[in-house]
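Each value in this text was obtained by applying a stated rule to the coordinates, not by laboratory testing. Values in this document were obtained by computation on a predicted structure and should not be read as measured data. Positions of Cβ are backbone-derived with ideal geometry, glycine not excepted, and every protein chain shown enters the neighbour counts.
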Amino acid sequence: MNFLQSLAQQFAGKPIDWDELEEALIRADLGVPMTMRIIKTLQEREAWALLGIGDVIKAVRTEIARILPHDPAPIRRAIGKPTVILIVGVNGTGKTTSTAKFAHYLGSARFHRAVRGVLPRTFGVRQDAERSPLEASATRVMLAAADTFRAAAIEQLDIWAKRLGVEIVRGKYGADPAALCYEAYQVAAKGDIDFLLCDTAGRQHTKTNLMAELQKVKRALGKLDPTAPHDTLLVVDATTGSNALSQAREFHNALGLTGLIVTKLDGSGKGGIVVAIEDELGIPTRFVGTGEQLEDFAPFDRQTYLDNLL
Ligand SMILES: Nc1nc2c(ncn2[C@@H]2O[C@H](COP(=O)(O)OP(=O)(O)OP(=O)(O)O)[C@@H](O)[C@H]2O)c(=O)[nH]1
Ligand SMILES: [Mg+2]
């Protein structure tokens, strides 16, 4: 059951209890400002005491639709150089799995249709649309195993790389992730790679030394291409609730995020965090993960989100 359905069930056939409604909206991870706005909008109506759950649901949908962008930003592409995507986040959110899924997506027909779709409105994008479909499908992706910290992290990404048939740059455990990403960029540039995806180690957003390590990765890549990384994506687990908001705030302060990958939206019935982070920090959800398989990954789609996840 999605969030709006459970709200309807909870409040069916009785007058709205405002405290109970406030609690339900906050429990759905929509965030305090959004919750307060929805309640204020409803209470400013004439005859608000007579409002039913149908009116509430309409107001919730309207407010959420107002916050979420109509079109998610397309992937920014470097011209004639590797496009670098840095994947960051706290421990266990799904960074490595999302890196693999992302690589799979970049090689898929879905991505190439999307690129053709956005081309007329995007300046400076490599002209994929002018390549034949066969050429376009030959997008070359490389992975950088920049989690040199957690035991077995390198092997985990290596298994994905083999499965996907993509190249991987790996170093030794304990190696400096900034040096590894620097090297990976050079290998990618020589190898005519289109996308370099850097999987980093999980880290708590409160540990300043670990955040500084990521800033160093960013600086190292920036030395090779001042526009790199072209996207810095925070992976958040939808089931962690409002803690994801503080994660997003800290990672954004340290790195300037360009978007989120929100994982584990399958089965959780929770997706409110997408709204809270966009509302309070202005960071868009760019991709969603809905399972453990390679196919369980898609660009964020506002309508699908409104229809299914909320
Ligand atoms: N159900 C579900 N499980 C997921 C999803 N994404 C990742 N997982 C699972 O979450 C677990 C952790 O995934 P990883 O990709 O290893 O997470 P990580 O962020 O790289 O972890 P660390 O590197 O240890 O910080 C694995 O069991 C994944 O299969 C998702 O969208 N849905
Ligand atoms: Mg990992």
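Against the longest principal axis of the chain, how steep is helix 177-190, in degrees 0 to 90 to the nearest 10, with axes from Cα atoms?
So the helix axis and the longest Cα principal axis differ by about 60 degrees.
To the nearest 20 debye, what charge dipole does the chain have about its Cα centre, counting +1 at the Cβ of each Lys and Arg and -1 at the Cβ of each Asp and Glu?
Its charge dipole is roughly 900 debye.
Which whole-Hz couplings ³J(HN,Hα) result when phi for each residue of the range 36-43 is put into the Karplus expression 6.51 cos²θ - 1.76 cosθ + 1.60, θ = phi - 60°, listed in order with x for Gly and Pro?
Working through the residues one at a time gives 5, 5, 5, 5, 5, 4, 5, 6 Hz.
Pick out which of Gly174, Gly92, Gly107 has the largest mean-square fluctuation in a Gaussian network model of the chain, springs linking Cα atoms closer than 10 Å.
Greatest mean-square fluctuation among the candidates belongs to Gly174.
Using a Förster radius of 51 Å, what is the FRET efficiency between Leu51 and Thr227 based on their Cβ-Cβ separation? Nearest 0.05, please.
E(calc), rounded to 0.05, equals 0.55.
Is the shape of the range 149-287 rounded, prolate or oblate, going by the alpha carbon gyration tensor and its root eigenvalues a ≥ b ≥ c, with a/c under 1.5 for rounded and a/b larger than b/c for prolate?
Since a/c reaches 1.5 and a/b is larger than b/c, the shape of the range 149-287 is classed as prolate.
Could you work out, for the chain, what percent of all Cα-Cα pairs fall into each 10 Å distance bin, beginning at 0 Å and stopping at the bin that holds the largest distance?
6, 26, 31, 21, 11, 5, 1
Give the angle, between 0 and 90 degrees and rounded to the nearest 10, that separates the Cα long axis of helix 95-106 from the longest principal axis of the Cα atoms of the chain.
Tilt relative to the chain: about 80 degrees.
Relative contact order for the chain: what percent, with Cα pairs under 8 Å and sequence separation of 6 or more?
Once divided by the residue count of the chain, the mean separation gives 25 percent.
Could you run the Karplus curve 6.51 cos²θ - 1.76 cosθ + 1.60 with θ = phi - 60° over the range 247-253 and give me ³J(HN,Hα) per residue in whole Hz, x for Gly and Pro?
Once rounded to whole Hz, the list reads 4, 4, 4, 5, 5, 5, 4.
Say the dipole of the chain comes from +1 at the beta carbon of Lys and Arg and -1 at that of Asp and Glu; which of Trp18, Thr148, Gly202 then lies farthest toward its positive end?
Thr148
Below 24 Å, Cα to Cα, which lysines can Lys216 reach? Residues fewer than 8 away in the same chain don't count.
Partners found: Lys81, Lys95, Lys172, Lys190, Lys207.
Just Ala47, Ala100, Ala244 to compare: in a GNM of the chain, with alpha carbon springs under 10 Å, which one fluctuates most?
Most flexible of the set in this elastic network: Ala47.
Mind checking the dipole of the range 3-67: about its Cα centre, +1 per Lys or Arg Cβ, -1 per Asp or Glu Cβ, Debye to the nearest 20?
The calculation lands at about 260 debye.
Could you list which residues have their amide H under 5 Å from that of Thr200, counting only those 5 or more apart in sequence or on another chain, with H placed in the peptide plane?
Under 5 Å from the amide H of Thr200 lie the amide H atoms of Ile87, each far enough along the sequence or on another chain.
Quick one: net charge of Gly271's neighbours, Cβ under 11 Å, K/R +1, D/E -1?
Taking every other residue near Gly271 into account, the sum is 0.
Under the classification rounded if a/c is under 1.5, otherwise prolate if a/b is larger than b/c and oblate if not, where does the range 1-62 fall, given a ≥ b ≥ c as square roots of the Cα gyration tensor eigenvalues?
oblate
List the residues whose amide H sits under 5 Å from the amide H of Thr285, counting only those 5 or more places along or on another chain, with H placed 1.01 Å from N in the peptide plane.
Long-range HN contacts for Thr285: Leu260.
Treating the angle as unsigned and between 0 and 90°, give the value, to the nearest 10°, between the Cα long axis of helix 272-281 and the longest Cα principal axis of the chain.
80 degrees
For Lys216 and Asn2, what does the FRET efficiency come to when R0 = 45 Å and r is the distance between their Cβ atoms, rounded to the nearest 0.05?
That pair, Lys216 with Asn2, gives E of 0.60.
How much net charge surrounds Gly259 when only the other residues with a Cβ under 12 Å from the Cβ of Gly259 are counted, with Lys and Arg +1 and Asp and Glu -1?
Details: positive: Arg76, Arg286; negative: Asp231, Glu278.
Overall, the nearby charge balance is 0.
When ranked by the protection proxy of mean other Cβ atoms within 10 Å per residue, highest first, what sequence do the peptides 246-256, 21-31 form?
Averaged packing, sorted descending, gives the order 21-31, 246-256.
Considering only the other residues whose Cβ falls under 15 Å of the Cβ of Asn308, what net charge follows from Lys and Arg at +1 and Asp and Glu at -1?
0
Quick one: which residues, 5 or more positions from Asp237 or on another chain, have an amide H under 5 Å from its amide H? H modelled 1.01 Å from N in the peptide plane, none for Pro or chain starts.
Thr263
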